[in-house]
Amino acid sequence: MVDTQQTITIPLRPSLWNPKTASALGVLLALGLAAWQAGLGRPGAELINLGGWPQLREFLAASLHPDLSPEFVARMGRAALVTLAYAVLGTALSVGLGLGGGLLSSAVWWQTLLPRHRSGLRSGLWLGVRGLLAFPRAIHELIWGLVLLQVLGLDPLVGVLAIAIPFGAIVSKVFSEILDETPQEPLQALLNAGAPPLVALIYGLLPQALPNLLSYTFYRFECSLRSSAVLGIIGAGGIGYEIFLSLQSLRYEQLWTGFYALVILNGVVDAWSALVRRRMGFTSRLDLNRKPGSTAARSARQAPGQDWFLRLSWLGALLAVPLSVGFLHLNLGVLWSARTQQLLGDLLATDWPPWPTVAEAANLAQLAWLTVAMSMVAIALAGLGGIVFSLPAAQNFLLPGGLLRPVGQRGGLAWGAYTLLGLSRLVLLVSRAIPAPIWALVLLFVLFPGVLPGALALALHNFGILGRLMAEVNENLDDRPVRALSSLGASPSAVVAYGILPQNLGRFLAYILYRWEVCLRETVIVGLVGAGGLGRLLTEQISSFDYSRVMVTLGVFVVLTFGVDAVSQRLRGVLRE
């Protein structure tokens with residue numbers, strides 16, 4: 001008798017518990033604790049200051065009649081040029097530092113330079129360079145400005161160096177990641193042919209990485225423009241300085257003139273950057289979580305008559321550096337003057353900070369947690385708002401023929417779609433153009449000092465940045481699955497839920513995690529205006545010239561930055577799996 005029974009193997013269900021779900025639960029738990037710390041949903045938390053509403057109404061009413069007197073407009077125009085000059089020189093110097101630092105902190109450089117049997121040495125050198133660059137990157141440019149003020153005084157070099165030092169370290173980190181993720185087959189071919197390591201890198205690796213390097217340089221210039229406005233708070237000049245003076249003296253009409261000037265300046269730079277990148281075929285400012293071997297550039301398809309704009313732009317970029325030096329009257333001799341050497345010596349001779357007492361350590365730990373909670377609440381709000389606004393802010397969504405309005409689909413007016421596109425982009429522009437400390441000062445009209453106003457100020461500023469970056473991700477979307485859903489009759493909400501978000505959510509989360517690292521650094525600047533956290537303690541210590549304890553506070557902040565950086569990189573790695 002033949003046994004005809006067969007054993008049927010039922011496949012096991014994939015486990016719901018995996019690194020992604022574990023990370024998601026951990027993030028949600030941390031966000032819940034941070035929101036509770038900020039007072040959201042906590043019974044008895046005093047958040048809103050009702051006594052500040054009349055002042056807020058007066059502030060908002062002034063937006064309708066800004067100060068447009070010829071004298072003040074001319075003053076604001078010169079301040080705009082100062083802000084632009086700081087951004088130009090800060091970007092030029094930081095990119096120069098970043099090229100050298102990015103090469104030295106890239107794994108591919110040490111792998112190329114040293115043979116395989118020296119792997120321990122090259123790993124040590126690579127980690128050493130990265131460690132050296134991590135310290136200046138962790139400290140915000142405003143803190144660098146405060147330190148440089150003690151040495152150089154009110155000199156324009158303060159603004160330039162305060163941007164160049166931390167941004168140079170940031171550019172080094174990003175450039176090194178770009179070089180390490182660039183395909184290395186041409187490099188290896190040149191090395192096997194006997195080419196020297198540096199020559200092989202220049203001819204085999206840099207041409208492939210150049211689109212991503214240039215694209216990120218444009219993004220860093222926009223960041224430098226925003227940072228140069230923030231430096232006005234410490235007296236470095238520019239639009240930020242004029243805005244801060246107007247806010248301190250409660251001259252709201254002049255304050256709104258400064259706001260409009262800042263928005264216009266950021267809008268012009270943003271439009272120029274986008275147009276140049278489009279002419280060159282670059283599709284995004286910042287390319288995160290890309291697949292190995294991908295590039296931020298598509299093949300540029302330019303008509304011969306369009307090259308004049310690129311040639312004019314490159315000529316203007318080259319001339320902008322010497323013109324900015326002359327406009328700011330920079331004098332490099334200040335760096336090695338006797339006065340600078342004496343002040344630098346006095347600063348370096350500061351006594352080694354005493355070991356914190358138990359009470360001081362507990363206070364630092366509490367403020368560190370407040371700082372982290374502020375950054376988490378801020379980036380969560382900014383990320384959610386950025387995802388929502390990135391849809392109408394993308395050109396390929398609501399316009400006729402877009403992903404949500406295919407060709408031949410009826411309903412809706414074209415002018416309404418263009419209006420929504422313009423309004424959403426204007427909201428994002430205003431949000432990112434106004435520095436976070438200014439947002440914090442405005443919010444403190446109606447909120448009590450603490451974690452919440454700082455978190456909301458950071459959220460407003462980063463919302464504009466994330467929304468614009470996410471809109472570019474939407475514009476570069478592979479539209480074939482979306483078009484297929486639309487052709488099958490799916491509603492716009494279904495197209496977004498099943499065709500757009502599944503493709504872009506990983507990139508969105510990567511941007512949010514990247515900005516979280518930046519957001520933690522920015523908690524210092526909202527703390528300087530009274531929003532709480534380590535920044536507020538740092539303000540008190542600097543104002544009392546207690547530099548030994550300033551070093552302790554900065555040390556805690558650097559450790560926090562390293563921790564957030566490690567967590568962010570780990571979560572981004574989980575997203576790529």
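FYI, it's all coordinate maths here, none of it is from the lab. Note that this is a predicted model, so its numbers are computed, not measured. Cβ sites come from the backbone with ideal geometry, for glycine too, and all protein chains shown count toward neighbours.
Size estimate for segment 365-577 follows the Kirkwood approach: the inverse of mean 1/r over distinct Cα pairs works out to 18.7 Å.
Other residues lying with their Cβ under 12 Å from the Cβ of F72 contribute a combined charge of -1, Lys and Arg counting +1, Asp and Glu -1.
Ellipticity at 222 nm from helices only: DSSP H runs of n ≥ 4 in the chain, each -39500 (n - 2.57), divided by the residue count, give -24000 deg cm²/dmol. Ranked by the mean number of other Cβ atoms within 10 Å of their residues, highest first, the peptides 310-317, 246-253 fall in the order 246-253, 310-317.
Ordered by the count of other Cβ atoms within 10 Å of each Cβ, fewest first, I465, I387 give I387, I465.
Around W109, with a cut-off of 13 angstrom between Cβ atoms, what is the net charge of the other residues, counting Lys and Arg +1 and Asp and Glu -1? Computed value for this residue: 0. Expressed as a whole percent, the proportion of Cα-Cα pairs in the chain lying more than 46 Å apart is 17%. Sorting V574, V550, V199 by the number of Cβ atoms found within 10 Å of their own Cβ, with the fewest placed first, yields V199, V574, V550. Ranked by how many other Cβ atoms sit within 10 Å of their own Cβ, fewest first, the residues W256, W352 fall in the order W352, W256.
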